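Working notes, beginning with the structure itself.
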Amino acid sequence: TLILVSVLGLQLIAAILPFNVSITVSDVKSSFKQINIVPFDYHSLGLLLFDRPNGLDGTPFNWLKFIEESLFWSVWGYIAALCFHRYWQQKATGKLLMLAVCFLPGIVLESLQLFIVSRYSDVNDIISNWTGVFSGLILYTLLRPDLQDDDDRGWRHLKTPLTVYLIFILFSGLQPFDFIFSLT
């Protein structure tokens, strides 16, 4: 649970970086016009509602970034499932807590970006978050580390999410390379 709280805290800080908060109405309106609500594409609300495109409209969808974010959030989903089975299952609000931990962070993180200048909210980030969380939950369900041993050392149960996190680090570390083999 401490890992989840720490990661969420760091993600909240990353969502509001560079701490350039928009406190004027025109900045919030500009951020609102940059919101992308079209899955697997980028068409801002400014283009869709007001016929005023911004510089990001028409940029191709980045599947590599989507996979990278999904890998990261799959670690989150796995650890959330581990916490649920170890700590929250017996609580009356355990299932509600599990749903909140799994599916609210993506919405909260994207909502915070509305108030930061030079950041924009994107539905694709929420979709990659939920895809990753769902993948982590499936991975936990398939492996069921809580049934494999009764050892109380929790670090043993973190082998799988740490392995997925290492894959995430390798994948994101190779992102500067252009994997698109076009002539341009």
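Under the 0.36 nm per residue contour assumption, what length would be gained going from the current alpha-carbon distance of LEU114 and ARG52 to full extension?
Details: separation 62, 0.36 × 62 = 22.32 nm, distance 1.81 nm.
Extending this stretch completely gives an extra 20.5 nm.
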(Q) Viscosity 0.890 mPa s, temperature 25 °C: give me the Stokes-Einstein translational D for the range 96-140 in µm²/s, with Rh taken as the Kirkwood radius over C-alpha pairs. (A) 218
**Q.** Per principal axis, descending, Cα span of the range 53-98 in whole Å
**A.** 50, 21, 9
Q) Tell me, what HN-Hα J-couplings in whole Hz come from the Karplus equation 6.51 cos²θ - 1.76 cosθ + 1.60 at θ = phi - 60° for each residue of the range 31-36, using x for Gly and Pro? A) 5, 5, 5, 8, 4, 9
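Would you mind counting up the charge near ASP27? Only other residues with Cβ under 12 Å from its Cβ, with Lys and Arg at +1 and Asp and Glu at -1.
Working: positive: LYS29, LYS33, ARG119; negative: none.
Within the 12 Å Cβ shell, the charges total +3.
If we count every other residue with Cβ under 14 angstrom of ILE167's Cβ, Lys/Arg +1 and Asp/Glu -1, where does the sum land? Intermediate values should be presented prior to the final figure.
Working: positive: LYS159; negative: GLU68, GLU69.
For residues surrounding ILE167, the net value is -1.
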Q: Mind grabbing the accessible area of LYS95 for me, 1.4 Å probe, Å², rounded to tens?
A: 150
Q) Cα to Cα, under 29 Å, and not fewer than 8 places away if on the same chain: which lysines meet these conditions relative to LYS65? A) LYS29, LYS33, LYS159
Q. Can you pull the accessible area of PHE115 for me, 1.4 Å probe, Å² to the nearest 10?
A. 100
Q: Find how many whole Å separate the alpha carbon centroid of the range 82-104 from the alpha carbon centroid of the range 1-73.
A: 27
Q: Using only protein heavy atoms and a 1.4 Å probe, report how much of THR163 is accessible, in Å² to the nearest 10.
A: 80
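State the percentage of accessible surface on the range 11-138 attributable to carbon and sulfur atoms; use a 1.4 Å probe and exclude ligands, DNA and RNA.
Numbers: 4770 of 6880 Å².
Carbon and sulfur together cover 69 percent of it.
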(Q) What distance in nm separates the two pseudo spin-label positions at LEU99 and LEU17, each 7 Å out from Cα along the beta-carbon direction? (A) 3.3
**Q.** Size of charge dipole - the range 33-73 - debye, nearest 20, with Cβ of Lys, Arg +1 and Asp, Glu -1, no other charges
**A.** 120
Q.
Quick check for me: using +1 on Lys/Arg Cβ and -1 on Asp/Glu Cβ, what's the dipole size of the range 1-150 about its Cα centre, in debye to the nearest 20?
A. 320
Q | Dipole of the range 1-137, positive end: most advanced residue of GLY94, VAL7, PRO105 [Cβ charges, Cα centre] | A | GLY94
Q | Listed residues PRO53, TRP73, TRP63: farthest to the positive end of the dipole of the range 31-88 (Cβ charges) | A | TRP73
Q: Based solely on C-alpha atoms, express the radius of gyration and the Dmax of the range 13-124 in angstrom.
A: 17.0, 52
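Run the dipole for the range 62-152 about the Cα centre, Lys and Arg Cβ at +1, Asp and Glu Cβ at -1, nothing else charged, and hand back the magnitude in debye, nearest 20. Provide the component values of the computation, followed by the final result.
Numbers: 6 positive and 10 negative charges, 63 e Å.
The calculation lands at about 300 debye.
Taking a 1.4 Å probe, which of TYR87, TYR120 shows the most accessible area, and what order do the others take after it? Kindly include the intermediate steps, with their values, before the conclusion.
Working: TYR87 120, TYR120 70 Å².
So the residues, ranked largest to smallest area, are TYR87, TYR120.
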**Q.** Solvent exposure ordering (accessible area, 1.4 Å, most first) of TRP88, TRP63
**A.** TRP63, TRP88
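The values are calculated or read from the model by the stated rules, or taken from the named source; none is laboratory data. What you are looking at is a predicted structure, and each value in this text was computed from that prediction instead of being measured. Cβ sites come from the backbone with ideal geometry, for glycine too, and all protein chains shown count toward neighbours. Side chains included, ligands, DNA and RNA excluded: accessible areas come from the protein's heavy atoms. Shrake-Rupley method; radii C 1.70, N 1.55, O 1.52, S 1.80 Å.
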